[in-house]
Amino acid sequence: MEEKKSRSQLMTVLKTLSRNKMAIFGLIILLLLLIMGILADFIAPYDYAKQDLANAFQHPNAKHLFGTDEFGRDIFSRIIYGARTSLLVGFVSVGIAVVVGGALGAVAGYYGKRIDNFIMRLMDVLLAIPQTLLAIAIVAALGTGLTNLMIAVGISAVPTYARIVRASVLTIREEEYIEAAKASGTTNVRIIVRHILPNCIAPVIVQVTLGMAGAILTAAGMSFIGLGIQPPNAEWGNMLSTGRDYIRGYSYMTMFPGLAIVITVLSLNLLGDGLRDALDPKLRN
Amino acid sequence: MGEQNLLDIKNLSVEYKTEDGIVYAVNELNMEIGHKETLGFVGETGAGKTTTAMTIMGLLPTPPGKVTSGEILFDGRDMLKIGDKERRGILGEEISIIFQDPMTSLNPSMKVGDQIVEMIRLHKTISKKDAMEEADRLLEMVGIRRERANDYPHQFSGGMKQRVVIAIALACQPKLIIADEPTTALDVTIQAQVMNLIKGFKEKLGTSMILITHDLGIVAEICDKVAIMYAGQVVEYADVEGIYLNPCHPYTKGLFNSIPKLDTEEEWLEEIHGLPPEPTERIEGCSFSPRCPNCMKICKHKKPGITYIDDRHYVRCFLYENQEVKADE
């Protein structure tokens, strides 16, 4: 009872969210994908990289649920391992973007004036370049590979978070409790970290869910054009890319990774939309 | 008066630069508060009370605000000249503030206990556990059960939130508390409770206090001195007895007249005619002259200086400058 009471703000949000069927659907799919990614070693029937040339180009059948690719690798297993990669890329790159963008946005919004101008004009420059193009440029500079891909996708999303955090900081820094914190002799850094950021988390959560979908798409796109994760590592984007050559005869090779991307992005977007409604007090009834 | 005052404000002027022109928020304000004294700071909205309080704490937003002259001596230190670090050491520990609206002066995402702990740990090097214990004790002192330290502000009523705010303000046993209309946002029965609480602590801890308020009743009850503020200036300054028994400035008289009387039935409340001057325009002469029932020729083009009625009572009004002369004769 006591516990329930002190969590009531979270409870209201969850309650509102639970009324939104689509959002819950998205959440369930996302959780399934997450479990799939984490337990890939136990779920996947085959090693994702194991080649079996004798059984190459098999259409979906009882032994290979989603069929096999041009080297006889089991596509079902590769999809499962691909979930791990995609979610990892999603979480880490969005994590980078939130931390860096959040810090920049908070500093810009709190201190204002010249610092604000400097940081936000820099962000405007980054925003002028399309996100995917920027990520491509960064990977081209850093080299391919999982880590570099995450850094590239992360950096390209920084301006979005900087803007969101700055906007919330601008409203929250005028609140009386910030004034009160200043009047208690709190340092500026402490005010930002302890008093401002915890209160502007709501819009960030929404953007994180939606941004994760974007990050996964960007990462898949990068792998598709060969700048992301390279085969034999399992990644939905590069599976699409190899499948493309055989799309006339063996369309299942592109269909399954494509479906995986669509489902993941869709579930994240549904959840994000639901969260946005749940966290917005104006839409709450 | 040999002893040093806790707070001494001399000739303080503050202005705000706005798009409509310069707002003269505080004009040549003088006041002093001794140790363990309570000063009532009374005046209409926009008279510059809060600006003065913020300036004392060094929290005036600059720009648009700007201190154009004067000095604020707190315990011998000029609050306008000290650095940020020294100021942070003074704020909270030696001066703390109780804001007007308890609904917005607590951080909604932090447990109230943690907010008290935060204040204590900012100024004292003590372990988290001891600070928690101290926070619980403070909550009980203001009449809140210690279990509620784990609750968030939205779970408290307005009066209880203000109690929490008071607990935070008292956490480091400051020498001076600035209470900016601490009961305006509360309903009447709670107002009395909170005022009694504040009064009790003031006596127990021996802190000085600046009480900003519109309520002359509260002033009479707990203040030692009163400063009546009008258009950024203290127009009358005296002991409580002096103000209530012998109000001198026409504005002070007007304020007292507008209090409804309990023993007669009144259809209309007395009012002070007119409106306070636009803060952007600088009135030549006395700023109260356009509304003053006793306005004389001289009031229109000369600013009245300080006239002492007795050594603890001054007024800025030409009516009394003559009187002083008479008294001398």
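The values are calculated or read from the model by the stated rules, or taken from the named source; none is laboratory data. No experiment lies behind these values; they were computed from the predicted model shown. As a convention, Cβ positions derive from the backbone with ideal geometry for all residues, glycine included, and neighbour counts pool all protein chains shown.
Values computed for the structure shown
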{"read-out": "Hey, B:Val325 on the phi < 0 side of the Ramachandran plot and modelled with pLDDT of 80 or more or not", "value": "no"}
{"read-out": "Only one of B:Lys129, B:Lys81, B:Lys85 that is of a type in the set (D, E, K, R), surrounded by fewer than 19 Cβ atoms within 10 Å (Cβ to Cβ) and under 29 Å from B:Gly159 (Cα atoms)", "value": "B:Lys129"}
{"read-out": "Number of the condition not met by B:Thr68 [criteria: (1) away from chain A (no Cβ under 11 Å); (2) hydroxyl-bearing (Ser, Thr, Tyr); (3) surrounded by 22 or more Cβ atoms within 10 Å (Cβ to Cβ)]", "value": "(3)"}
{"read-out": "Filter result for A:Ala180 (in contact with a Phe, Trp or Tyr (Cβ under 8 Å, 6 or more places away or on another chain), in a loop (DSSP other than H, G, I, E, B) and buried (at least 20 other Cβ atoms within 10 Å of the Cβ))", "value": "no"}
{"read-out": "Contacts under 8 angstrom Cβ, first residue in segment B:164-181 being under 15 Å from B:Ile120 (Cβ atoms), partner among the basic types (Lys, Arg), 6 or more apart", "value": "B:Cys172/B:Lys124"}
{"read-out": "Selection status of B:Glu241, free of Cβ contacts under 8 Å to residues at least 12 places away in the same chain and assigned to a loop (DSSP other than H, G, I, E, B)", "value": "no"}
{"read-out": "Members of segment B:151-168 found to be assigned to a helix (DSSP H, G or I), within 12 Å of chain A (Cβ to nearest Cβ) and closer than 15 Å to B:Thr104 by Cβ, listed by number", "value": "B:Pro153, B:His154, B:Lys161, B:Val164, B:Val165, B:Ile168"}
{"read-out": "Tally of residues being aliphatic (A, V, I, L, M), at pLDDT below 80 and in contact with a Leu (Cβ under 7 Å, 6 or more places away or on another chain) across segment B:238-292", "value": "1"}
{"read-out": "Answer from B:Phe41, B:Phe99 - the residue that is within 14 Å of chain A (Cβ to nearest Cβ) and of a type outside the set (Lys, Arg)", "value": "B:Phe99"}
{"read-out": "Every pair of residues 6+ apart whose Cβ atoms lie under 9 Å, when the first sits in segment A:166-189 and is farther than 28 Å from B:Lys124 by Cα while the second is β-branched (Val, Ile, Thr) and outside any helix (DSSP H, G or I)", "value": "none"}
{"read-out": "Flag if A:Asp69 is in contact with a Gly (Cβ under 8 Å, 6 or more places away or on another chain) and crowded, with 23+ Cβ neighbours inside 10 Å", "value": "yes"}
{"read-out": "Only one of A:Pro231, A:Pro159 that is on the phi < 0 side of the Ramachandran plot and surrounded by fewer than 23 Cβ atoms within 10 Å (Cβ to Cβ)", "value": "A:Pro231"}
{"read-out": "Subset of segment B:132-150 (residues that are small (Gly, Ala, Ser) and either away from chain A (no Cβ under 12 Å) or surrounded by fewer than 15 Cβ atoms within 10 Å (Cβ to Cβ) (or both))", "value": "B:Ala135, B:Gly143"}
{"read-out": "Residue selected from segment B:106-128 under the condition assigned to a loop (DSSP other than H, G, I, E, B) and hydrophobic (A, V, I, L, M, F, W, C), by the criterion nearest to the other protein chains (Cβ to nearest Cβ)", "value": "B:Leu106"}
{"read-out": "Number of the condition not met by A:Thr147 [criteria: (1) polar (S, T, N, Q); (2) within 14 Å of another protein chain (Cβ to nearest Cβ); (3) out of contact with any strand residue (DSSP E or B) (no Cβ under 7 Å at 6 or more places or on another chain)]", "value": "(2)"}
{"read-out": "Candidate set from segment A:255-278 (those that are modelled with pLDDT under 90 and surrounded by fewer than 19 Cβ atoms within 10 Å (Cβ to Cβ)); member that is nearest to A:Gly26 (Cα to Cα)", "value": "A:Asp273"}
{"read-out": "Single residue of segment B:15-32 satisfying the filter (touching a residue at least 60 places away in the same chain (Cβ under 8 Å) and within 19 Å of B:Arg316 (Cα to Cα)) that is nearest to the chain's Cα centre (by Cα)", "value": "B:Met31"}
{"read-out": "Sole residue being outside any helix (DSSP H, G or I), over 24 Å from the mean Cα position of the chain (by Cα) and not acidic (Asp, Glu), chosen from A:Thr144, A:Thr186", "value": "A:Thr186"}
{"read-out": "Residue count for segment A:16-50, restricted to those that are without any contact (Cβ under 8 Å) to a residue 40 or more places away in the chain, closer than 21 Å to A:Tyr252 by Cβ and surrounded by 12 or more Cβ atoms within 10 Å (Cβ to Cβ)", "value": "5"}
{"read-out": "Flag for B:Met54 being facing chain A (nearest Cβ under 9 Å), closer than 23 Å to A:Leu197 by Cβ, in contact with a helix residue (DSSP H, G or I) (Cβ under 9 Å, 6 or more places away or on another chain) and modelled with pLDDT of 80 or more", "value": "no"}
{"read-out": "Filter result (away from chain B (no Cβ under 14 Å) and in contact with a Leu (Cβ under 8 Å, 6 or more places away or on another chain)) within segment A:204-226", "value": "A:Val206, A:Thr209, A:Leu210, A:Met212, A:Ala213, A:Ile216, A:Ala219, A:Ala220, A:Met222, A:Ser223, A:Phe224"}
{"read-out": "Test: residue in segment A:193-201 that is among the polar types (S, T, N, Q) and surrounded by 16 or more Cβ atoms within 10 Å (Cβ to Cβ)", "value": "yes"}
{"read-out": "Number of the condition not met by B:Asp75 [criteria: (1) facing chain A (nearest Cβ under 9 Å); (2) in contact (Cβ under 8 Å) with a residue 40 or more places away in the chain; (3) out of contact with any Pro (no Cβ under 7 Å at 6 or more places or on another chain); (4) surrounded by fewer than 17 Cβ atoms within 10 Å (Cβ to Cβ)]", "value": "(1)"}
{"read-out": "Residue match in segment A:114-126 (condition: surrounded by 15 or more Cβ atoms within 10 Å (Cβ to Cβ) and more than 18 Å from A:Ala97 (Cα to Cα))", "value": "yes"}
{"read-out": "Which listed residue is touching a Leu at 6+ places or on another chain (Cβ under 9 Å) and in a helix (DSSP H, G or I), from B:Arg137, B:Arg148", "value": "B:Arg148"}
{"read-out": "Residues within segment B:116-126 that are surrounded by 15 or more Cβ atoms within 10 Å (Cβ to Cβ) and over 20 Å from B:Leu197 (Cβ atoms), tallied", "value": "5"}
{"read-out": "Residue in segment B:165-179 that is among the aliphatic types (A, V, I, L, M), under 15 Å from the mean Cα position of the chain (by Cα) and closer than 30 Å to B:His273 by Cα present", "value": "yes"}
